[in-house]
Amino acid sequence: MTDTATASALPLFADFAGVIDRALDALVAAGTLPQGLARSGVTCEPPREASHGDISTNAAMVLAKPAGTNPRALAALLVEELAKEPRVASAEIAGPGFINLRLADSAWLGELGLIAAKAGDYGRSTVGGGTMVNVEYVSANPTGPMHMGHCRGAVVGDALASLLEFAGHRVTREYYVNDAGAQVDVLARSVHMRYREALGETITIPEGLYPGDYLVPVGQSLAAEFGDTYAAAPESDWLILFRTRAVAAMMDMIRADLAMLGIHHDLFSSEAELQASGKVDAAEQWLRAHDLVYDGELEAPKGKTPDDWEPVALPLFRSAKFGDDQDRPIKKSNGAWTYFGADLAYHFQKAQAADALVDIWGADHAGTVKRIKAAVAALTSAENGTPKPFEVKLVQMVALLKGGQPFKMSKRAGNFVTLADVVEMVGKDVVRFTMLSRKPDAQMDFDFDKVVEASKDNPVFYVQYAHARIHSTLRKAAAEGFAPAAEHVALLGEEELGLIKLAAQFPRVIESAAAAREPHRVAFFLYDLAAGFHAYWNVGNDRPDKRFIVAQDGALTSARLFLGLQIGQVVKNGLALLGVEAAEEL
């Protein structure tokens, strides 16, 4: 194998960030640069134009002014230092002071060896520093099975949690059970109807209740346990009992639905338990002690004031102080908590056990983002003045289509398409990858015909096919007596090096995607890598000397097989983060 003795165990771009840092250290030691210059703005990344080289750095541009020198003059000195690195083939100054590096082949071949050495850990990072991130996602009302409206947020949240862990964070996956609102009373009344039905009564589900057949087993279970005790009893006798049993049954169903997608939460937090525990009241007292809640009157509605408008004194949170449009009530005039008040207390609880928070919400909640971000900023900065990082990621709804037309399925849920039905039709991997194939805030069409199509236009097939194609080639090669081997990789040419350069972006993608809280970046990268692999493969269709298996050249064949094996490893690592199987056969 080409000599890579000077290479590091770090991924290539992280390694060369160190090379640049050491070159700057040399200039400091020589007295060219002053001590103590902040280097946090120095970058090490691919140039925007591939023709400009392999690595670009803005070091001279960032440091020239504080160093009291000219960017191009500093760049010239830095180029001299960088040229001493054996893996740098050339270093050039571009524009006002950017530096572009072209790397020797040994640098890229060394990266191929690093992929082989790290295997499933290639791309894993420590950039998260062990900080604890709470990722709350799904949090659907516990009133029925999961439907496709929940699916996208569930997949985005789960993939984000895996990505953050891979990038060096500790993660708590949390589900907030909204079991204290009016909707669970409606659920209890709906179950009572099914309970009476199980006792032999003919029922008609009135409008406003949940009509789905999924409540039939819950009613049957209650009938078996209690007989006709509550059939004619007043609501006050059975509402709490039926509500508790119904929510428990729905959460069992929701967990089972999520498991079909490979999703499991670490923590289920109950809104009802939060309020019953007194933590909401405690949060109000804490907020008052820190002058974040006061008793005041809401402003009159803008425009024409209603005839029955009367100002009412309510406990108001000072959300305007933190960027909201106005202060918000945390209680209603009857003393009940507003949804915002309960949500505020819930986030207060979460923030005490995490260094950063991420909420995955449906786009229909966009109107409450500003106020809850204001609340978290207030809650987490009151002690030391610095708020904890908090982000809300909004996901748009998914339109279900078949052949381009709106698709309707049998609705055991009564009025919506269940996630379980969709997973059973097309499979977990198709659902998960498709949900990540577009930015979450973009509208998405889920066409049942297209998501199972064996074509380049179907991202999940295209990526999985790259992995399967590699393993098919490895099996065929083994049958012909060939095996991957690293010792001949110096025989690889420009086309093969191009594939390595694509794969080498993976660690950078991991870190940038984790920092931006955007797991779809991994899916986009995998599609690009698969496209690069398929393009390379297709060259061999026309040129036998470019195929992976060249029968008359065992050394070259073993090198290309080694390359394919590592490209497959990177695809597998990326798919694992997305919760998608790296199929070896399709």
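Nothing in this text is a laboratory measurement; each read-out follows from the coordinates by a stated rule. Source: prediction; values computed, not measured. Don't worry about glycine lacking a Cβ; one is built from the backbone with ideal geometry, like all the others, and counts go over all protein chains shown.
Annotations
- Of LYS118/LYS456; LYS279/LYS331; LYS350/LYS388; LYS388/LYS572; LYS321/LYS439, pairs whose Cα-Cα distance is over 22 Å: LYS118/LYS456; LYS388/LYS572; LYS321/LYS439
- The local environment of GLY41, defined by Cβ-Cβ distances under 14 Å, has a net charge of 0 under the rule Lys, Arg +1 and Asp, Glu -1.
- Working note: Karplus 6.51/-1.76/1.60 with θ = phi - 60° gives segment 95-102 the couplings x, x, x, 6, 10, 10, 10, 10 Hz, where Gly and Pro are set to x.
- If you plug the beta carbon distance of ALA516 and LEU400 into 1/(1 + (r/R0)^6) with R0 = 22 Å, you get a FRET efficiency near 0.15.
- Extension gain, MET444 back to GLU207 (0.36 nm per residue minus Cα-Cα distance, nm): 82.2 nm
- Cα-based Rg of segment 459-578 normalised by 2.2 N^0.38 Å, two decimals: 1.08
- Within segment 261-365, the chymotrypsin sites (Phe, Trp or Tyr not before Pro) that combine a DSSP coil assignment with at most 13 other C-beta atoms in a 10 angstrom radius are TRP309.
- The angle between the Cα long axis of helix 71-82 and the longest principal axis of the Cα atoms of the chain comes to about 70 degrees, rounded to the nearest 10.
- Measuring between their Cα centroids, segment 491-514 and segment 554-574 lie 13 Å from each other.
- Taking the average, over residues, of other Cβ atoms within 10 Å as the packing measure, peptides 13-21, 155-163 rank 155-163, 13-21 from highest down.
- Sum of -39500 (n - 2.57) over DSSP H runs of 4+, divided by residues of the chain (222 nm, nearest 500): -15000 deg cm²/dmol
- Over all other residues within a Cβ to Cβ distance under 15 Å of VAL398, the charged ones net out to +2, with Lys and Arg as +1 and Asp and Glu as -1.
- Of the GluC sites (Glu not before Pro) found in segment 41-113, those that fall in a DSSP loop while having at most 14 other beta-carbon atoms within 10 Å are GLU49.
- Euclidean distance of C-alpha centroids, segment 117-146 and segment 385-456, integer Å: 19 Å
- Computed E for TYR339/HIS52 - FRET, C-beta separation, R0 30 angstrom, nearest 0.05: 0.05
- Karplus (6.51, -1.76, 1.60) ³J(HN,Hα), θ = phi - 60°, over segment 422-431, in Hz, Gly and Pro reported as x: 5, 4, 5, 6, 10, x, 4, 4, 4, 4
- Relative to the longest principal axis of the Cα atoms of the chain, the long axis of helix 279-289 makes an angle of roughly 80 degrees.
- For LEU400, distant residues with modelled amide H under 5 Å away: PHE407, PHE446
- Annotation note: GluC sites (Glu not before Pro) in segment 171-267 located in DSSP loop regions with a Cβ neighbour count of at most 14 within 10 Å are GLU201, GLU207.
- Remark: the Cα gyration tensor places segment 352-499 in the oblate category, a/c being 1.5 or greater and a/b not exceeding b/c.
- For the chain, share of DSSP beta bridges that run antiparallel, in % to the nearest 5: 50 percent
- Under a 5 Å amide H cut-off, with hydrogens placed 1.01 Å from N, GLY362 pairs with VAL395 among residues at least 5 apart or on other chains.
- For VAL171, the residues whose amide H sits under 5 Å from its own are VAL133, ignoring neighbours fewer than 5 places away on the same chain, with H placed 1.01 Å from N.
- Note, ³J(HN,Hα) from phi for segment 572-586, Karplus 6.51, -1.76, 1.60, rounded to Hz, x at Gly and Pro: 4, 4, x, 4, 4, 5, 8, x, 10, 6, 8, 5, 9, 9, 10
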